[in-house]
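Structure record follows, encoded as structure tokens.
The values are calculated or read from the model by the stated rules, or taken from the named source; none is laboratory data. All values reported here derive from a predicted model rather than from experimental measurement. As a convention, Cβ positions derive from the backbone with ideal geometry for all residues, glycine included, and neighbour counts pool all protein chains shown. What goes into the accessible areas is simple: the full protein's heavy atoms, side chains included, and nothing from ligands, DNA or RNA. Shrake-Rupley method; radii C 1.70, N 1.55, O 1.52, S 1.80 Å.
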Amino acid sequence: MSTAPADTFHHSGESSPKAADSAQPSVQRLDGRLKDLLAGKKIVMTGVTGFIGEQLLWKILTELPESSPSVLVRRKGSASARDRVLSVVKKDIFTALREAAGGAEDLLDGRIEVLEGDLPNVPPLPVDTDIVVHCAGDVSFDPPIDQAFTTNVIGTKALLDRLIAACSDEHGTLVKVPHYVHISTAYTAGRRRGAIPETPHVHSIDYDAETQAGLAMRDLIEAESRTSARLTKLRKEAEREHRQAGFLTTAADTERRRNVWVQAELVKAGTERARSLGWTDVYTFTKALGERVVADVGSQIQVSVVRPAIVESSWLHPYPGWIEGFKMAEPLILAYGRGELPEFPASPDSVVDIVPCDHVVNAILAVCATSPAIGEPEYYHVSSGARNPLTFRDMYGHIRNYFLEHPFEGGKRGTARLPQWQFPGASSVERLLLTSERAHKLAERALALAPRSDRTRKFAKDLDRTRGRLDFLRRYIGLYNEYSQSELHFVDDNTLALTRALHPDDQPAFAFDTGVYDWTTYIEKVHCPAITAPVRRMDAIRRNRGSRPTTMKDLAKDRAGATALAIFDLDGTIMSTNVIEQYLWARLPELSPAQQLAEVGRVVRHLPSYLRAEHRDRGTFLRAVYRRYRGADLAALENFVDTSMAPHILSRLSPEAVRRIRDHRAVGHTTILITGVVRPLTRPLEPLFDVIVAADLATDAEGRCTGFLTGPPLVGESRAAWLLHYADLHHVDLTRSFAYADSHSDLPMLSTVGNAVAVSPDVPLMRAATANQWSIVEWKIKPIFPRWALPQ
């Protein structure tokens, strides 16, 4: 059994004599060891796949051998409830139990009953249920309002109804009195100040009316999201970002934005309704209403309500620092350690009420062994602030000390510089954040005007990192601002009396006195090492793996052969040129110097309209440029390309691109060039590709170009459609195929293959590639001929 250093076990505070006197009834209730008091009891649990529930199940299986846990778990996708519980008992903390049982399956079948169901769709509970421990619930601080009510209010009532039905006869008469233990939160006290007693919170909220109103918000906000005004705004936002990619891409992003807006409005509705009634957020509001539901519906049974404060890693059991996932404090601690949390709007003297998970679990099991009077719920605060307070300034000092001694290993920028918090107040932090957000918007506008280059991409990456930090700060300041300035004092007399009522033999395994640990040891020696260890491991893996792309695969290991394609864009991807430059290559050599100047002048004069057309639609831009080929002799143009322009074209090819194309051909892939360039200009590239899809110039009866194309140029979504059709005709597996492009307009094409690679991309494609975890490569091109030199 794990133990903490001996010098850390001391009380930093004692309860008042009055509290000690009030503890006597609790002492009388625990007249034996917990394993005896709970022997033969059927304990139905919810939330076993969660943080507290998992350790609670482990504790029952480890310390209460004659108790029978029954777990209510919902199906998740293809995983049944049994599959999910099996995954739980395969975790490390269950190793000894698995070995003793002969394996995970035997442990599950021999000790645990699995009930498949959900909240509020609760299945019938076993008729021999003695205790229900309701740990499940929506634990995020900002769930959508309808989701919060569904889980924390409706789900709680459904579980109680099932419990009462299981303990009643066919006439609805109770034949046994079960004990319902409700796991709530200490912050159901809301925006109150001062001492919070272990009693019901006084309010006059009609939870039925609030629940109906909360559920109705979904339909109201969904309807608002479909109004013409809202859809127009969202569509225009999507078009600004995705216009070049095509209408379907824009439509998909419009719908994505609508769904995001709906979720954000549902969250906002919950937050504002909660604050209008005196709670910090919809989580604490609905948990408070859930407590009222428990008191009303459970008036005929035994009811206990356990209110933990901020639950973090374990102090002792199953081992010091045990934690599953990130809880309330972890994102902030890690951000500070990386130098990304310059300040926080906390009051330095406000108490941050942290309690280790094992203390909460021990308290829950001790409460299970009590016998509260029917119709008189008992309340227990599992908290530390009353007798072992930790202020925000103290916590900051402990975290800073830890990272000064154990900094994260530096990356390219070196070891992070730890900020020194001055605690300037919430308004000062908000002003700083607003100023930073405005500066970021101005920088984004400047970025939109910058030409494509390595420097521009680097600037965009820096902006994205800044945006991530600002979004992080905005989210967590919004979530935790009120908690970090709260002036609550959770009275824990009942909880302290209960831990003191434990049998002496239960103290090592079940004690939950939050005055026994000091914060230096807990934060600097237990908690911070526990939460940073997996992060450090992942950092080490990334350093060892390097920044090697994930979709730019080693073709020597590829076995797809002819079932895979390798699709390449031309301009900006494998070749450094553009359609205007190519036109001038083809047109100017046949003109006199004076005519050349005149033609260049005409092209320059049209450049603004060309650029506007390209911004709106790539196809419109290409059609406008290709009108200039009107009157050209197509056969003569092809001959000129073959005899004079070929060296210029080939000199603009990237050597890395050529090697990659040849590598694809070497392993049997079908190489395809898809471009909006007119077909004559692709003739020098025919030896590299099996298929070339290009723009075909229309001609008259004499073979002269009309200035039009034989069909729409293949751009944006039309490339993806062509690929899908080609793959269907030739039985190609696009999931094993490759595509290379440089422009955001090629996003639909890249999205159709399993291995997309962004080559020297523009900023929108770079961001899409990063979001999709596509490789980003730079194929350098050093032309032999200067850009102003014309083919001879």
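Points worth noting:
- Pick from region 126-179, criterion of a type in the set (S, T, Y) and over 34 Å from the mean Cα position of the chain (by Cα), ranking: most open to solvent (accessible area, probe 1.4 Å): T173
- Residue list for region 330-345, restricted to those being among the small types (G, A, S) and either buried (at least 21 other Cβ atoms within 10 Å of the Cβ) or touching a Pro at 6+ places or on another chain (Cβ under 6 Å) (or both): G337
- Screening D109 on (1) under 30 Å from R275 (Cβ atoms); (2) in a helix (DSSP H, G or I); (3) open to solvent by 50 Å² or more (accessible area, probe 1.4 Å) shows it passes everything except condition (1).
- One residue from T514, T499, T466 being hydroxyl-bearing (S, T, Y) and more than 34 Å from the chain's Cα centre (by Cα): T499
- Condition check for F472: hydrophobic (A, V, I, L, M, F, W, C), open to solvent by 40 Å² or more (accessible area, probe 1.4 Å), assigned to a helix (DSSP H, G or I) and farther than 30 Å from G190 by Cβ: no
- For region 399-419, the count of residues that are closer than 24 Å to S486 by Cβ and hydroxyl-bearing (S, T, Y) is zero.
- The condition (being touching a helix residue (DSSP H, G or I) at 6+ places or on another chain (Cβ under 6 Å) and part of a helix (DSSP H, G or I)) is satisfied by just one residue among A439, A443: A443.
- In this entry, L479 is excluded by the filter for residues that are at negative phi and either without any contact (Cβ under 8 Å) to a residue 24 or more places away in the chain or touching a strand residue (DSSP E or B) at 6+ places or on another chain (Cβ under 8 Å) (or both).
- Pairs, first under 16 Å from D762 (Cα atoms) in region 434-457, second acidic (D, E) and open to solvent by less than 80 Å² (accessible area, probe 1.4 Å), C-beta under 8 Å, six or more apart: R452/D762; D454/E778
- Any pair with Cβ under 7 angstrom, 6 or more apart, that starts in region 629-644 at a residue that is in contact (Cβ under 8 Å) with a residue 40 or more places away in the chain and ends at one that is exposed (fewer than 14 other Cβ atoms within 10 Å of the Cβ) and not aliphatic (A, V, I, L, M): D633/G703; L634/G703; A635/G703; S644/Q792
- Checking each residue in region 482-508 for being under 25 Å from P345 (Cβ atoms), open to solvent by 20 Å² or more (accessible area, probe 1.4 Å) and either outside any helix (DSSP H, G or I) or free of Cβ contacts under 8 Å to residues at least 24 places away in the same chain (or both) picks out E482, S486, E487, L488, H489.
- Among the residues listed as E272, E210, E237, the single one being closer than 24 Å to L765 by Cβ and either open to solvent by 30 Å² or more (accessible area, probe 1.4 Å) or touching a Phe, Trp or Tyr at 6+ places or on another chain (Cβ under 9 Å) (or both): E237
- Among residues of region 547-569 being in a loop (DSSP other than H, G, I, E, B) and among the aliphatic types (A, V, I, L, M), the one that is most open to solvent (accessible area, probe 1.4 Å) is M552.
- Residues that are crowded, with 16+ Cβ neighbours inside 10 Å and under 34 Å from the mean Cα position of the chain (by Cα) do occur in region 570-586.
- Here E198 fulfils each of the conditions (1) under 26 Å from the mean Cα position of the chain (by Cα); (2) open to solvent by less than 30 Å² (accessible area, probe 1.4 Å) apart from (1).
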